[in-house]
Amino acid sequence: MAIQAELGDVIEKLTAHEATLTMELGNLSAQAKRVGDQLDQIQSALSALRDGKPMAKSSRAGDASRKRTATPTVVQEIATIVLRKHSLLPFDQLLAHVKSELLARGLSRVGVKPLLSDAIKKPAFTINPDETVSIN
């Protein structure tokens, strides 16, 4: 029985690490795409300069400052991953972690607090009497 309990703990820890690594891989993939896009823009500009042509304006110039919005599902997923890593956090700290992750993923952090408030009301989460949040 003790071995089964230990195996259960190891499996749980591995699952949490897998989720963290998956999240980090997603971040790196998004960063690689952004870097690739920037390299394409730089190469286009260099070609235009070499050819003596005026640089073409990027079709994405207006979109560069606009970020994609976080969905309730993404906010809940990030909160779950953060709480697997930290077990128990006050709401404000959980919110800070979620916002940080959204920023790393290139998503807007606007309106995240109500999304997170709704997410932690779901059965997967527990709001403790001391107003800390944990996952079930």
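Under 18 Å between alpha carbons: how many lysine pairs meet that in the chain, if sequence neighbours fewer than 8 apart on the same chain are excluded?
Lysine pairs, 8 or more places apart or on different chains, close enough: 8.
Listed highest first by mean packing, meaning other Cβ atoms within 10 Å per residue, what order do 75-84, 23-32, 95-104, 113-122 come in?
75-84, 95-104, 113-122, 23-32
Please list the non-local residues whose amide H lies under 5 Å from the amide H of ALA124, H modeled 1.01 Å from N, same-chain partners needing a gap of 5 or more.
The answer is none.
Per residue, what accessible area does the chain have, given a 1.4 Å probe and all protein chains present, in Å²?
72 Å²
Based on the alpha carbon coordinates of the chain, what radius of gyration and maximum Cα-Cα distance (Dmax) apply, in Å?
Over the chain's Cα set, Rg and Dmax evaluate to 20.7, 76 Å.
Given the Cα-Cα distance of GLN38 and LEU7 and 0.36 nm per residue of separation, how much length would full extension add, in nm?
6.6 nm
The values are calculated or read from the model by the stated rules, or taken from the named source; none is laboratory data. Nothing here was measured: the structure is a model prediction, and the numbers come from that model. Every residue, glycine as well, gets a Cβ built from its backbone with ideal geometry; the counts of neighbours run over all protein chains shown. Surface areas here come from the heavy atoms of the whole protein model, side chains and all, with no ligands, DNA or RNA. Shrake-Rupley method; radii C 1.70, N 1.55, O 1.52, S 1.80 Å.
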